[in-house]
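Asker: Here's a structure for you.
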Amino acid sequence: MIRKCLFPAAGYGTRFLPATKATPKEMLPVLTKPLIQYGVEEAIEAGMNTMAIVTGRGKRAIEDHFDISYELEHQIKGTSKEPYLTEIRAVISKCTFSYTRQVEMKGLGHAILSGETLIGNESFAVVLADDLCDAKKGVLSQMCELYKKYQCSIVAIEEVPKEDTNKYGVIAGNEIEPGIFMIKDMVEKPDPKDAPSNLAIIGRYILTPDIFDIIRTTKPGKGGEIQITDALLVQAKKGMVLAVKFDGKRFDCGSIDGFVEATNHFYTKSKKAESKK
Ligand code: UTP
């Protein structure tokens, strides 16, 4: 039912400088795959076939990654190295990619609004590729199932230590089914003492298209940026926004600790898979 997935990928990735000086953060690899490819694969698994990517200056490598490299194909076709291209070939054949630029970095809400021309008037998913998720059933698939039932905007949440609430959007709500909350309040990066709970929003959203008009009228909030959390709170007050505790593990690959943790996790997993062969 949800066909399109938006990837806001215009941020500067300053925490990874100097690596991100000329390489987009979304192209940093965990093992051999760039972060954004994990996100695209999760979207494909959830049945989506149209990837819309919001980029900025210096992000051309993302476009090149999801395109055919004729020179490379020519060089390794028929050799023992060809299997290395299997996964990316499969991704490219299963979906289309379109791009738009966020001209100024005015926050995640603004980045999502920049993607409106690629999305149009339909519900869509949003993936922040630096939140890398590993789950038996992909987090977007879990959210799509919930969307089928409720047809409203949905955010993925997880419990975080109270002292970390100032790194996330934090929700408060009524639990309507086990692990599913109807959002009553939402605050961007609250001080632990002001946080309405320890339920933090992670980088997976399903948004109904009325969110674009709401973002258009959303004033800059925390940090002078247009926050998606502020727009979602308006949507929650007008109608309904749900938050779902997903099954699986999330790694904050926008931070060095999270990135190293993800690398170790996927390395151990791949070694285990290899030893079973
Ligand atoms: P972050 O704040 O985590 O990413 O934004 P960043 O700014 O690239 O990282 P640091 O803090 O400088 O190290 C979360 C996501 O939202 C996107 C980013 O690309 C990232 O995927 N984003 C954020 C935009 O696309 N545009 C914005 O104006 C802000």
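Asker: Report the calculated FRET efficiency for residue 69 and residue 15 (r = Cβ-Cβ distance, R0 = 30 Å), to the nearest 0.05. If you can, show how the numbers build up before the last one.
Answerer: Details: r = 29 Å, r/R0 = 0.98.
Between residue 69 and residue 15 the formula returns 0.55.
Asker: Going by C-beta contacts inside 10 Å, put 204, 60 in order with the fewest on the left. Numbers along the way, then the final one.
Answerer: Details: 204 25, 60 11.
Lowest to highest Cβ neighbour count: 60, 204.
Asker: Sorting check: for 180-193, 225-238, which peptide has the highest mean count of neighbouring beta carbons within 10 Å, and how do the rest follow? Spell out each step's value before the answer.
Answerer: Numbers: 180-193: 17.5, 225-238: 21.2.
Descending packing order for the listed peptides: 225-238, 180-193.
Asker: Run the quick spin-label model on residue 269 and residue 257: label points 7 Å from Cα toward the beta carbon, then report their separation in nm to one decimal.
Answerer: A separation of 2.1 nm, rounded to one decimal place.
Asker: May I pose another question? Using each residue's phi in the stretch 179-185, evaluate 6.51 cos²θ - 1.76 cosθ + 1.60 at θ = phi - 60° and report the 3J(HN,Hα) Karplus result to the nearest Hz, with x for Gly and Pro.
Answerer: Along the stretch 179-185, the couplings run x, 10, 10, 8, 6, 10, 8 Hz.
Asker: Just from its helices, what would the mean residue ellipticity at 222 nm be for the chain, if runs of 4 or more DSSP H residues each count -39500 (n - 2.57) and the sum is divided by every residue, rounded to the nearest 500 deg cm²/dmol? Can you show the working numbers first?
Answerer: Details: 10 runs with 94 residues, N = 277.
Computed ellipticity for the chain at 222 nm equals -9500 deg cm²/dmol.
Asker: Take residue 94, project a point 7 Å from its Cα along the Cβ direction, then tell me which residues of the stretch 18-37 have their backbone nitrogen under 14 Å from it.
Answerer: 37
Asker: What is the order of 168, 99, 70, fewest Cβ neighbours within 10 Å to most? It would help to have the intermediate numbers written out before the result.
Answerer: Values: 168 22, 99 18, 70 8.
Going from sparsest to densest Cβ surroundings: 70, 99, 168.
Asker: What does DSSP give for the chain in terms of the percent of beta bridges that are antiparallel, rounded to the nearest 5?
Answerer: Taking every DSSP beta bridge within the chain, about 60 percent pair in antiparallel fashion.
Asker: Kindly work out what percent of the DSSP beta bridges joining two residues of the stretch 1-105 are antiparallel, to the nearest 5.
Answerer: On the way: 2 of 13 bridges.
Restricted to the stretch 1-105, the bridges split so that about 15 percent are antiparallel.
Asker: Here is a further query. Helix 35-45: angle to the longest alpha-carbon principal axis of the chain, degrees 0 to 90, nearest 10?
Answerer: It works out to around 80 degrees.
We did not get these values from a lab; they are worked out from the coordinates using the rules stated. Note that the coordinates shown come from a computational prediction; the quantities given were computed from them, not determined experimentally. For neighbour counting, all protein chains shown are included, and Cβ atoms are generated from backbone atoms with ideal geometry for every residue, glycine included.
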